[in-house]
């Protein structure tokens, strides 16, 4: 009896559950056709908007690529100009430089003057320093300093009494000249037979030439005022 009662109860429960499901499905109203059409139109508008945004982004990307290309070309030109400017600054002596070269140490002669000889011939003078500098430039020196003073095209090496003046600064022996260039060529230019070193040694002037793997020269620190020279204006009225 209990088994039959259980079966009847389960049957009633299943019937009620099926009835509830059927009622729920019947309660959901069907989607009207106009709503489907409205959603289709909305999706079409969204798709069209997305395509327009995509095309706008493509145009912007192409524009940015053109700008990048233009900027890179401009950067290349700027790099060339900066390299030329740096080279000009080095040649003008306006920047500190380093490289292989030679050092030249000069000192007054310790030889005593003989009776009747002028003792000044055994001392270093401005023209002695100038001869060494000229010989170095002739041998291909790219930069030269004298006792820490960088030489440029307007530099002066002159005497004021017993004092040598370089770039307006007073210097005295020992004189140390540094030059950047091919070390062997610079040394040969100084030590050539009958050259500047031979002429100085003849009077007992001490001259020591040494090849250097690297020397460092300071930048020129003197005035750069030009009173007369001005750039030529091309294409202008004469």
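Derivation of every value follows stated rules applied to the coordinates shown; laboratory data play no part. On a predicted model such as this, the values are computed, not experimentally measured, just so you know. Glycine gets a Cβ as well: all are built from the backbone with ideal geometry, and neighbour counts include every protein chain shown.
General observations
- Derived value for the range 97-217: Kirkwood hydrodynamic radius 14.6 Å. Basis is the mean of 1/r over every pair of different alpha-carbon atoms.
- P(r), alpha carbons of the range 192-238 - 5 Å bins starting at zero, rounded %: 4, 12, 10, 9, 9, 11, 11, 12, 7, 6, 6, 2
- Length added when fully stretched, residue 188-residue 233, from 0.36 nm per residue minus Cα-Cα: 11.9 nm
- Distance between the modelled labels on residue 111 and residue 87, one decimal in nanometres: 4.6 nm (7 Å Cα→Cβ projection).
- Paramagnetic label zone (point 7 Å from Cα along Cα-to-C-beta, residue 162; backbone N under 19 Å) in the range 105-134: 106-129
- Relative packing of 106-119, 180-193, 133-146, 201-214, which averages over residues the other C-beta atoms within 10 Å, highest first: 133-146, 180-193, 201-214, 106-119
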